[in-house]
Structures are given as C-alpha cells and as structure tokens.
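Single-structure report; data block below.
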C-alpha cells in the first residue's frame, strides 16, 4: 500500500481548494434562495430546512396545499441516492444574491418553505453537489421563478467581484420528470488564477423549484443531469 495515500491532507491546502469550490457555491446557488433563518434537522448536518415567514400567492393553477418544510426535507436527495464515494458536507447557507450580483429572485417571489442538501466526493478536489428545494404557493409562482432565472441568466454574461471573475453560458441538459428546466454553466477564476466550473440547473415540478449545482475543478454535465433527474423523481 502506498503510504503517501494515508497522509492527512495539509490543512492550508485543503482550505485553499475548498475556498475555490466554496466561491462557486456562493456565486451559483443563490438564484433560488428563499428568506428566513435556517435550522438543521437532527438527522444530518448537511440537510437544512426553513419555513418562510411569508407565503406565496394561491390561485387556480394548483389545488394542492403548500409543501411544508418537513415535507420538503423528506424529498431531498440523501447519501444513498449519491454515487459511491460521496459523503455529506455542510457548507451552510450562502448569502442571497443572483447572477451578476443581482438581487435574489425569491426576494420578489415569496416562498413557503426551503430545504438544502450538500454533498462532496473529495474534501480537497471536489466535486461538490448541492440541491436546494423551494416550495411556492402556486404553480404560477414557481413558473415565475423559472422565467426570472432564464431572464437573469440570459442578460448576465460575466461579472467580477472580490471573489473572482465569473463567465456565464447556457447549458443544454435534459432532466426527466421536470415541468421546466433552465441550465447555465459558470466558469469561475479566483483572484489567484485558480479555476472551477459550475453547472447550475433550475427545474420546476409543480409548485416546487429545485436548484441543482454541480461544482468542480472540471465539468461533468452527465453527472449533473443524472443527479438532477434523481432529485426531480423524488418530488413526484
């Protein structure tokens, strides 16, 4: 056995890699972010649920009652849904903002509940995968989120802030079972020149919007589509 494989990952090296990947999470996973304070269920530290203090509108587009935080959490992907070698990780809730540092879309489209799951394959090199589920009061509200995400992504091609430069492009992905899907690829370069790639998929199933983010040092659209399809299947 190669003894070098047993050495612990140097803390500074692990933090540098994690920072590059975490920058992508912060930049990419907030377009479908709801409000409120998050609470961590006892079942796993990497799964979060939050009830919004304001509920979305109710209309004839759906006769189903709003999905609560507990129900939403039960529909999240869990470690058994992930490929071999992945584990849960807790990166916390990221600051709310959209692409090109625009306001978060759900600041103007109130949600009922929100749930979050986060996974990683390698603590040093990634990739990281996050699923964020957001429940709305009607299908018209959830459809609004998809359209607003589409418009925001199409009007934003690149931005730079203190965390790095992000280029945005459309991504063509098929996610079975979703009512609507919009996907983008974010190419991130941090101030020191380190690069990461984010596949960001927003999909709608009824009154629930799911934001899937696959973030790594290289792209893997097939893995993104596979995990997103698994997530949508659990919303049925």
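The values are calculated or read from the model by the stated rules, or taken from the named source; none is laboratory data. Since the structure is predicted, the reported quantities are computational estimates derived from the model, not experimental observations. Cβ placement follows ideal geometry from the backbone for every residue including glycine, while neighbour counts extend to all protein chains displayed.
Within region 66-94, the set of residues being within 16 Å of the chain's Cα centre (by Cα), assigned to a loop (DSSP other than H, G, I, E, B) and at pLDDT 85 or above comprises 75, 76, 77, 78, 82, 89, 90. Against the test of being farther than 21 Å from residue 230 by Cβ, buried (at least 21 other Cβ atoms within 10 Å of the Cβ) and under 15 Å from the mean Cα position of the chain (by Cα), the options 128, 99, 116 yield a single qualifying residue, 99.
Among residues belonging to region 203-214 that are in a strand (DSSP E or B) and more than 16 Å from residue 166 (Cβ to Cβ), point out the one that is farthest from the chain's Cα centre (by Cα).
To start, the set of residues in region 203-214 that are in a strand (DSSP E or B) comprises 203-205, 208-214.
Narrowing the set further to residues that are more than 16 Å from residue 166 (Cβ to Cβ) leaves 203-205, 208-212.
Numbers: 203: 11, 204: 13, 205: 16, 208: 14, 209: 11, 210: 8, 211: 4, 212: 4 Å.
The residue in question is 205.
For the subset of region 141-167 comprising residues that are in contact with a strand residue (DSSP E or B) (Cβ under 8 Å, 6 or more places away or on another chain) and surrounded by 23 or more Cβ atoms within 10 Å (Cβ to Cβ), which member is nearest to residue 235 (Cα to Cα)? Per the criteria, the residue is 142.
Within region 174-202, residues that are at positive phi and assigned to a loop (DSSP other than H, G, I, E, B) reach partners that are surrounded by fewer than 23 Cβ atoms within 10 Å (Cβ to Cβ) and at pLDDT below 90 with beta carbons closer than 9 Å, at six or more positions or on different chains, in the pairs 177/236.
Taking every residue in region 143-172 that is part of a helix (DSSP H, G or I) and pairing it with any residue that is at pLDDT 90 or above and surrounded by fewer than 20 Cβ atoms within 10 Å (Cβ to Cβ), at least 6 positions away or on another chain, the pairs with Cβ-Cβ distances below 6 Å are 146/180.
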